[in-house]
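No value in this document is a laboratory result; all are computed from the given coordinates. For clarity, every value in this text was computed on a predicted model and none was experimentally measured. Cβ: placed from backbone, ideal geometry, glycine included. Neighbour counts: every protein chain shown.
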Amino acid sequence: MKIDGKPFRSIWRDDAGEVRIIDQRWLPHELRIVPLDSREDFATAIRDMWVRGAPLIGATAAYGVACQMRRDASDAALSETWEILHATRPTAINLRWALDEMDRVLRPLPPGDRAAAAFRRADEIAEEDVEINRRIGENGLALIREIAAAKPDGAPVNILTHCNAGWPATVDWGTATSPIYHAMEAGIAVHVFVDETRPRNQGAQLTAWELNSAGVPHSLIVDNAGGHLMQHGEVDLVIVGTDRTTARGDVCNKIGTYLKALAAKANDVPFYVALPSPTIDWTVTDGLREIPIEERDGAEITHVQGRDDQGRITTVQISPDGTEGRNPAFDVTPAELVTGLITERGICSANADAMAQMFGDLKNA
Ligand code: MRU
């Protein structure tokens, strides 16, 4: 996508081949680009959420392995790097997927061949992510087109989204935002309700920023407004991302997604999940019991970050001294609440049979 008219991705290799990222902790106030080199740099960037969003976490980990292979390409270094990067965040399955993929490609090679092969595969993983998201956009476009056709001429399709499943959460396009960008390109009027997404405000800070930059009409809402808007017929469609989707279609995503799905079900609003295939965890059937839910620092609840009148980025405390925050970062929406999964291969029902039919080759790989 573009920032100030210039094409940008969330992670890339510069002309010298070095890995660079947008440090997302400072958005929307500052665009800071930082290089990553050692595996410790990559682990910090993922753990401390300089990069975040399931697909981008995966791509970053792949580049982390590649950079390490330049320093030490031994079997031991390969295994240690897998462990170090895997320990950074527990919920998004793309992390394990990308690390396993790097291991699968590199392990059989002699150490001397590993660095070049690792960069090749990491570049491919990044490119594949872009292509997957582009296709999710095309498939989601058909859905938005259908909804638009049932509305009065020119009335926008109102889409609610939670967290940031936009291009900063992926290498490019985003998952939940890709259908929206494709609809804009196709001349379909859209308007997006952006959940602020407490506690880290990925909606307010990232989704609002990217939609604003792309000229997509949007309104920022507090996390609790969605149910009210749905009751009053103001939401035509919900599209969210996913950090891990089970073989039966349970969807683990940013905390609060489940409440949106309940409200959507109660109000007959279609609830879709934009799902790239590397985000499917075929080893898990019962999402509620088997997916590890990241518990983050309670200070993310008791404090908020913003920009003051002098333009300084600052953090302020909003609750009393002595009150502690409890901060589960993700929740699981049971498949029964999901209208459909927008994937790179088409739209799929959220159940084991439909998923196995669409992705049988991957399930059995
Ligand atoms: O904690 P985050 O910001 O990494 O959480 C991100 C989300 O929950 C996204 O919705 C999900 O990763 C899908 S991104 C295409």
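Here is how the numbers come out for the structure above:
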quantity	calculated
Label-to-label distance, nm, for residues given as Ile293 and Ala76 (7 Å Cα→Cβ offset)	4.0 nm
Alpha-carbon centroid distance for the pair the range 35-61 / the range 175-229, whole angstrom	24 Å
Convex hull projection area averaged over all views, the range 1-120, Cα basis, nm²	7.3 nm²
J(HN,Hα) series, the range 19-27, from Karplus relation 6.51 cos²θ - 1.76 cosθ + 1.60, nearest Hz, glycine and proline x	7, 10, 9, 8, 7, 6, 5, 9, 6
Relative exposure of Phe193, Phe42, judged by other C-beta atoms within 10 Å (fewest first)	Phe193, Phe42
For the chain, radius of gyration divided by Kirkwood radius, i.e. Rg to Rh on alpha-carbons	0.96
Likely footprinting exposure, Met358, Met1, Met69, fewest C-beta neighbours within 10 Å first	Met1, Met358, Met69
Ascending count of other beta-carbon atoms within 10 Å, so fewest first, for Trp97, Trp50, Trp167	Trp50, Trp97, Trp167
Estimated 222 nm signal from helices in the chain, with DSSP H stretches of n ≥ 4 weighted -39500 (n - 2.57), rounded to 500	-12000 deg cm²/dmol
FRET E, pair Asp103, Asn351, Förster distance 25 Å, beta-carbon r, rounded to 0.05	0.20
Rounded to whole Hz, the Karplus (6.51, -1.76, 1.60) HN-Hα couplings of the range 277-289, x for glycine and proline	4, x, 8, 8, 9, 6, 7, 10, 9, 9, x, 5, 9
Whole-angstrom gap from the range 272-293 to the range 10-28, using each part's C-alpha centre	28 Å
Built amide H within the under 5 Å cut-off of Val192, gap 5+	Ile159, His218, Ser219
